[in-house]
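> Here you go, one structure.
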Amino acid sequence: MYTPKRLEQAITKLYTAFHNNTLHPECCKSCAVGNILDNTDAWKHLSDSHGAIELNYVGKVHQRLGREFKGYSPQELLYIEAVFLNACGYSLPLHHKGVKPSTPTDKDLLFKGLSETVTFLCKLDRVTNVMDYSRLFEFKEDETPVYELVF
């Protein structure tokens, strides 16, 4: 299966952040997009608040100029972050009075957020969802597996 370079790099960075405990939804450098963009927070200037999906003036200028950050447009970056935060249980955009999880770095919570994020990244690149393991459980009429599990 062909995997676009930006998708492969994004998944690798998110996987690394998850396992190194450097993923934090509330930090612009350590959230999903922050990690995809090498732990920088310059992307936060594309909107007026963390988790917003509307580009501000700066974001619109970059979008209209066709700028990309690690292969993603400003609008795509905002959508990626919104998917991650929403799946982690936050109300968007982030606000100190908004709904948020009591333990934002809980591994189960982060896994859920990353699963939804990777699903969204695959949709952006129009590739089969790499997180979909349901194919492993498909079987033929004679109840033999359709796909072999290779180690």
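Here, each number is a calculation from the coordinates, and none is a lab measurement. Since this is a predicted model, take the numbers as computed values, not measurements. All Cβ positions, glycine included, derive from the backbone under ideal geometry; neighbour counts span all protein chains shown.
> In nm, give the distance between the simple-model label positions of Glu138 and Lys5, each being 7 Å from the Cα along the Cα-to-Cβ direction.
That separation, rounded to one decimal, is 3.1 nm.
> If we count other beta carbons within 10 Å of each Cβ, what is the order of His19, His24, His62, fewest first?
Ascending Cβ contact count within 10 Å gives the list His19, His24, His62.
> Going down the list Lys29/Lys123; Lys60/Lys97; Lys29/Lys100; Lys97/Lys123; Lys60/Lys112, which pairs span over 26 Å between their C-alpha atoms?
Lys60/Lys97; Lys97/Lys123; Lys60/Lys112
> Just need the relative contact order of the chain here, percent rounded to a whole number, with Cα pairs under 8 Å and 6+ apart.
18 percent
> What range in the chain is the longest one free of GluC sites (Glu not before Pro) that are in a loop by DSSP and have at most 10 other Cβ atoms within 10 angstrom?
Formally, the longest exposed-site-free interval is 1-137.
> Could you tell me the distance between the Cα centroids of the stretch 1-78 and the stretch 89-151, to the nearest Å?
Going from one Cα centre to the other spans 18 Å.
> While we're looking at this one, here's another question. Give the range of the longest stretch in the chain that excludes all trypsin sites (Lys or Arg not before Pro) found in loop regions by DSSP and having at most 11 other beta-carbon atoms within 10 Å.
Counting at most 11 other Cβ atoms within 10 Å as exposed, the longest clean stretch of the chain is 1-96.
> By the gyration tensor of its Cα atoms, with a ≥ b ≥ c the square roots of the eigenvalues, what is the shape of the chain: rounded for a/c under 1.5, prolate for a/b over b/c, or oblate?
Taking the square roots of the gyration eigenvalues as a ≥ b ≥ c, the chain is prolate.
> Find how much the distance from Val61 to Val99 grows on full extension, using 0.36 nm per residue of separation minus their present alpha carbon separation; answer in nm with one decimal.
The span from Val61 to Val99 would gain 10.6 nm if fully extended.
> While we're here: With each label point set 7 Å from Cα along the Cα-Cβ vector, what nm distance links Ser115 and His19?
Each label point is offset 7 Å from its Cα along the Cβ direction, giving 1.9 nm.
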